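Since the structure comes first, as structure tokens, the remarks are kept for the end.
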Amino acid sequence: MSDPKICRHLLIIGRVQGVAYRMSMADEAERLCVTGWVRNRRSGDVEAVVQGAPDAVGAIIEWAKRGPSLAFVREVRIDEAEGTFTSFEMRPTL
């Protein structure tokens with residue numbers, strides 16, 4: 001029997017646009033076998049929903065707190081989320 005999946009909503013605040021944050025997060029999600037999505041927000045923040053095994057979701061949340069090398073992450077707000085995803089995608093800005 002496989003591990004149960006968990007799902008979390010992330011709001012990443014800081015200098016996180018224009019630094020390849022979304023693409024880097026998609027690469028990290030693929031590496032960790034995490035599904036969900038990521039998108040820029042007009043506010044300048046990045047929003048994501050991540051789903052997977054608890055250890056993989058924990059790992060991508062830790063990555064989100066750092067982001068790619070040019071990012072400056074001030075805060076990551078984490079909430080419970082729901083959904084079923086089969087891949088990780090970059091969505092249009094909201």
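Can you tell me which residue within the stretch 1-36, out of those that are among the polar types (S, T, N, Q) and touching a strand residue (DSSP E or B) at 6+ places or on another chain (Cβ under 6 Å), is farthest from Phe72 (Cα to Cα)? Looking at the filtered set, the residue picked out is Thr35. Exactly one residue out of Gly58, Gly67 is farther than 19 Å from Val19 by Cβ and either free of Cβ contacts under 8 Å to residues at least 60 places away in the same chain or out of contact with any Gly (no Cβ under 7 Å at 6 or more places or on another chain) (or both), and it is Gly58. Selection of strands (runs of 3 or more DSSP E) fully inside the stretch 1-64 by the criterion of at least 3 residues being aliphatic (A, V, I, L, M) and within 17 Å of Gly83 (Cβ to Cβ) returns 6-15, 46-52.
Where residues in the stretch 71-94 are touching a Gly at 6+ places or on another chain (Cβ under 8 Å) and aliphatic (A, V, I, L, M), which of them is surrounded by the most Cβ atoms within 10 Å (Cβ to Cβ)? Out of the qualifying residues, it is Ala71.
If only residues of the stretch 74-94 that are hydrophobic (A, V, I, L, M, F, W, C) and in contact with a Phe, Trp or Tyr (Cβ under 9 Å, 6 or more places away or on another chain) are counted, the one that is farthest from Gly14 (Cα to Cα) is Phe85.
Within the stretch 68-89, restricting attention to residues that are outside any strand (DSSP E or B) and in contact with a Lys or Arg (Cβ under 7 Å, 6 or more places away or on another chain), the residue that is farthest from Asp27 (Cα to Cα) is Ala81.
Each value in this text was obtained by applying a stated rule to the coordinates, not by laboratory testing. Since we're looking at a predicted model, the values are computed, not measured. Neighbour counts run over all protein chains shown; Cβ positions are idealised from the backbone, glycine included.
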